[in-house]
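The values are calculated or read from the model by the stated rules, or taken from the named source; none is laboratory data. Model, not experiment: these values are computed from the prediction. We place every Cβ from the backbone using ideal geometry, glycine too, and count neighbours over all the protein chains shown. For accessibility, only protein heavy atoms count, side chains too; no ligands or nucleic acids. Shrake-Rupley method; radii C 1.70, N 1.55, O 1.52, S 1.80 Å.
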Amino acid sequence: MEIGIIGAGNIGSTLGQKWTAAGHTVLYGVRNPADAKFDELRRSGAVVSVGEAANAGEVIVLALPGAAVISFAAEHATALAGKVIIDAANNVGGVEMNSLDVLAKAIPSAQLVRGFSTLGWENFADAQIDGVQVDLFYCGDAAAQATTEQLITDVGLRPVYVGGIETVGVVDGMARLWFALAFGQKQGRRIAFKLLQSS
């Protein structure tokens, strides 16, 4: 599938490289596509303007600063209509870490997902810790579940669906837990979560 990643920092670039390796077409949407700092990234996808990535992608992944989602959604609402939009951006200083309400109001026809927001990018680069596969907990519109789970699996993670977008507080709680353990308790960024089930 064609994936437009808005942002090319650690999260966006790591996911994009994984998806390119899995056979997807990736477009990184950035403010200055000609910047030489993206030369290495061009090996795993096209580096284009934010508008081009928003227009072209079947799936849009928001890997930009959380506070920037409002202006992005307002500016590109028409191009984003009807698409799967995965909100991976954490607005750490905001009232809410996610931007699903903002996205739902600006783009009511979009299929919204909250995912790739509960772990540090290092766990996307290497989806196993001591030989154990990392789980990625996410929520979102049921219509986008199959697409999202394919993308999660292609990164090497095991998808765990928490529920519809009404369960976003649970997913964001896991993000806050990860931050509290990684930084507050100084356990480092290579920590993750695992759902254990009785067979």
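Just a few scattered comments:
- Scanning the stretch 129-161 for residues that are open to solvent by 50 Å² or more (accessible area, probe 1.4 Å) and either within 16 Å of Met97 (Cβ to Cβ) or touching an Asp or Glu at 6+ places or on another chain (Cβ under 8 Å) (or both) gives Arg158, Tyr161.
- Number of positions in the stretch 75-96 that are among the hydrophobic types (A, V, I, L, M, F, W, C) and modelled with pLDDT under 95: 2
- Val102 being aliphatic (A, V, I, L, M), in a helix (DSSP H, G or I) and either farther than 24 Å from Gln145 by Cβ or open to solvent by 10 Å² or more (accessible area, probe 1.4 Å) (or both): yes
- Selection from the stretch 1-53 of residues that are of a type in the set (Gly, Ala, Ser) and out of contact with any Gly (no Cβ under 7 Å at 6 or more places or on another chain): Gly7, Ala8, Gly9, Gly12, Ser13, Ala21, Ala22, Gly23, Ala34, Ala36, Ala46, Gly51
- Scanning the stretch 136-151 for residues that are charged (D, E, K, R) and touching a strand residue (DSSP E or B) at 6+ places or on another chain (Cβ under 6 Å) turns up at least one hit.
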